[in-house]
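The values are calculated or read from the model by the stated rules, or taken from the named source; none is laboratory data. None of these values were measured; they are calculated from a predicted model. Cβ placement follows ideal geometry from the backbone for every residue including glycine, while neighbour counts extend to all protein chains displayed. These area figures cover heavy atoms from the full protein model, side chains too; ligands, DNA and RNA do not enter into them. Shrake-Rupley method; radii C 1.70, N 1.55, O 1.52, S 1.80 Å.
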Amino acid sequence: MVGLYAGESSVQVILVTGVLGGGAAWLSGSAIASAWRPAWHVGIVAVLLGGAARFFHFALFQGMLLSAPSFACDTSIFFIAGMIAWRARRAAQMVRQYPWLYAPAGPLNWREIRQENEAQR
């Protein structure tokens, strides 16, 4: 982490990238799925949050503002958190909206109920 987040402590990186940015990415991914938007919208939000995180590192902790490796790391963390939230919300939506078609298959997936009935025959 010395080369990636030069001049910043682990606590600062965890606070800004993990807690603030990761929480915002999670909420954004969930909101995007709630609006029935496609998953690629999470990528756009992750890039914007990556820029905001770089600014917070710069403004609060005198980190480097224009650091491509730090921006890429922040953005990838936000993208992963947002996609997990998007998928979890989408799975819950599919089961809740279409209970006659789908049943839960874990926290991130759903399965068709018809397949179960046909397999039993």
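Entry note, the chain: the mean residue ellipticity at 222 nm calculated from DSSP H runs of n ≥ 4, each adding -39500 (n - 2.57), is -21000 deg cm²/dmol after division by the residues and rounding to the nearest 500. Our summary gives segment 26-103 a relative contact order of 43 percent, counting only alpha carbon pairs under 8 angstrom and 6 or more residues apart.
Converting phi to 3J(HN,Hα) with the Karplus coefficients 6.51, -1.76 and 1.60 and the offset θ = phi - 60°, segment 53-61 yields 5, 4, 5, 5, 4, 5, 6, 8, 10 Hz in sequence order, with x at every glycine or proline. Rolling a 1.4 Å probe across the protein heavy atoms gives the chain an accessible surface of 60 Å² per residue. Per-residue 3J(HN,Hα) values for segment 95-110, derived from phi via the Karplus relation 6.51 cos²θ - 1.76 cosθ + 1.60 with θ = phi - 60°, read 6, 6, 6, 10, x, 7, 9, 10, 10, x, 9, x, x, 10, 8, 9 Hz in sequence order (x marks Gly and Pro).
Shown in residue order for segment 33-40 are the 3J(HN,Hα) couplings computed by the Karplus curve 6.51 cos²θ - 1.76 cosθ + 1.60 at θ = phi - 60°: 5, 4, 8, 6, 8, x, 5, 5 Hz (x for Gly and Pro). Each semi-axis of the equivalent ellipsoid for the chain is √(5λ) with λ an eigenvalue of the Cα gyration tensor; in descending order they amount to 38, 12, 10 Å.
Per-peptide packing, taken as the mean over residues of other Cβ atoms within 10 Å, places 64-74, 81-91 in the sequence 81-91, 64-74 from highest down. At a 1.4 Å probe radius, carbon and sulfur cover how many percent of the accessible area of the chain? Carbon plus sulfur share of accessible area: 69 percent. Taken along the Cα-to-beta-carbon direction at a fixed 7 Å, the label points for I44 and R114 span 3.3 nm.
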